[in-house]
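Derivation of every value follows stated rules applied to the coordinates shown; laboratory data play no part. Because the structure is a prediction, the values reported are computed rather than measured. When we count neighbours, we look across all protein chains shown, and the Cβ atoms used for this are built from the backbone with ideal geometry, even at glycine.
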Amino acid sequence: MKTYSAKPTDVKREWYVVDASEAPLGRLATEVAQLLIGKGKPQFTKHIDCGDYVVVINAANLQVTGKKMEDKMYYQHSGYPGGLKEANLTKVMVKDPSMPIVKAVRGMLPVNKLRDGRLARLKVYAGPDHNHAAQGPKTIKLKEAK
């Protein structure tokens, strides 16, 4: 019996909706990353992008555990001396509620040539409304943290 290797023409992409207010950031990011990679599909092949589209809603109602809203820091550097900027999760959520989700999912994707294409299929919205109803997305329920 020969090993099956998916071809780019064999990939069938589904659409999924995930609610960010149902689970903490880490659990949300792992589920979204698995869907973007396509690891749950039987035809999964490492070097072919077999993943699906994922729409994340309610990013403004993001859950985190502990004191991460004050303690979790995001850094960016301009490249010049003294050019380090830092902001905690609360400040980042005020400016752009989708950014922590995108950064968390990006960190869970493999670092290779397929990562940018996978991230392009991630759609994050601050509220409960999205404009992808025509694609007929399926809702994924995440387990709530206890």
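About its Cα centre, the dipole of the chain is roughly 480 debye, where the only charges are +1 on Lys and Arg Cβ and -1 on Asp and Glu Cβ. Using only Cα atoms and rounding to the nearest 10 degrees, what angle (0 to 90) does helix 25-37 make with the longest principal axis of the chain? The answer is roughly 30 degrees. Considering only Asn61, Asn131, Asn88, the Gaussian network model of the chain with Cα springs below 10 Å gives its largest mean-square fluctuation to Asn131.
Please report the relative contact order for the chain, taking Cα pairs under 8 Å with a sequence separation of at least 6, and give it as a percent rounded to a whole number.
On the way: 228 pairs, mean separation 50.3, N = 146.
Computed value for the chain: 34 percent relative contact order.
Between Leu119 and Tyr4, the modelled label-to-label distance comes to 3.1 nm, taking each label 7 Å out from Cα in the direction of the beta carbon.
Roughly what % of DSSP beta bridges within the chain run antiparallel, to the nearest 5? Don't jump to the answer; show the numbers that get you there.
Details: 5 of 17 bridges.
Here the share of antiparallel DSSP bridges comes out near 30 percent.
In plain terms, the chain from Glu14 to Lys39 could stretch by 7.7 nm, reckoned as 0.36 nm per residue minus the Cα-Cα distance.
Couplings for the stretch 56-66, taken from phi via the Karplus curve 6.51 cos²θ - 1.76 cosθ + 1.60 with θ = phi - 60°, read 9, 10, 6, 5, 5, 9, 4, 9, 9, 9, x Hz in order; Gly and Pro are left as x.
Arrange Arg118, Arg106 by Cβ neighbour counts within 10 Å, fewest through most, would you? Don't skip to the end; give the middle numbers.
Numbers: Arg118 22, Arg106 17.
Lowest count first: Arg106, Arg118.
Residues Tyr74, Tyr80, ranked from the fewest to the most other C-beta atoms within 10 Å, line up as Tyr80, Tyr74. Seen against the Cα atoms of the chain and their longest principal axis, helix 99-108 is set at about 50 degrees.
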